[in-house]
1. Of the residues that make up the range 67-83, is at least one surrounded by fewer than 18 Cβ atoms within 10 Å (Cβ to Cβ), within 17 Å of residue 128 (Cβ to Cβ) and either touching a strand residue (DSSP E or B) at 6+ places or on another chain (Cβ under 7 Å) or without any contact (Cβ under 8 Å) to a residue 60 or more places away in the chain (or both)?
2. Kindly provide the set of residues from the range 86-123 that are more than 20 Å from residue 46 (Cβ to Cβ) and at pLDDT below 90, ordered by number.
3. For the range 91-109, state whether one or more residues are in contact (Cβ under 8 Å) with a residue 12 or more places away in the chain and more than 18 Å from residue 36 (Cβ to Cβ).
């Protein structure tokens, strides 16, 4: 059975997060694991990828912009547009022979646009990545996730508390949090 973990991050310091993840990455058995991290080009995703590599794990990291990832030794970086189903399928085919122990769904789009100033197209763009893209990636990867594997959805308090001038984003953490493989 796959284990679904939910993580909500609001104003948690990166130091606290890395300490939290350090315990998670130690995996009591001290075995090398393979992690796939989405949204790893910056912020929490990038720091999580660095932490996992430093703990000796295999890291596959995806982001639209992979320049920061390419600078980290030991990370297999892939540029993937999570809003495009064909791009997701092509990526999954590239790693078809890889068994994944941990899938960390961290990708998300946040723009600084008030709801009144946003458009249907902007809402659609955000949902394509924050909800549909992550769900489709997870669905396609399920056969590759080990029987003892984990799927971790990184969400935020923005869906519960709201984020000033952030249009569709506050809706997507709630949807992401309710999604389970």
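1. yes
2. If we filter the range 86-123 for residues that are more than 20 Å from residue 46 (Cβ to Cβ), which is where we start, we get 86-90, 92-94, 96-99, 112-123.
Listed by number, the residues that qualify are 112, 113, 114, 115, 116, 117, 118, 119, 120, 122, 123.
3. As a first pass, look at the range 91-109 and keep what is in contact (Cβ under 8 Å) with a residue 12 or more places away in the chain: 91-92, 94-96, 98-109.
Restricting the remaining residues to those that are more than 18 Å from residue 36 (Cβ to Cβ) gives 109.
Checked the range 91-109: at least one residue is in contact (Cβ under 8 Å) with a residue 12 or more places away in the chain and more than 18 Å from residue 36 (Cβ to Cβ).
The values are calculated or read from the model by the stated rules, or taken from the named source; none is laboratory data. On a predicted model such as this, the values are computed, not experimentally measured, just so you know. Cβ atoms come from the backbone with ideal geometry, glycine included; neighbour counts cover every protein chain shown.
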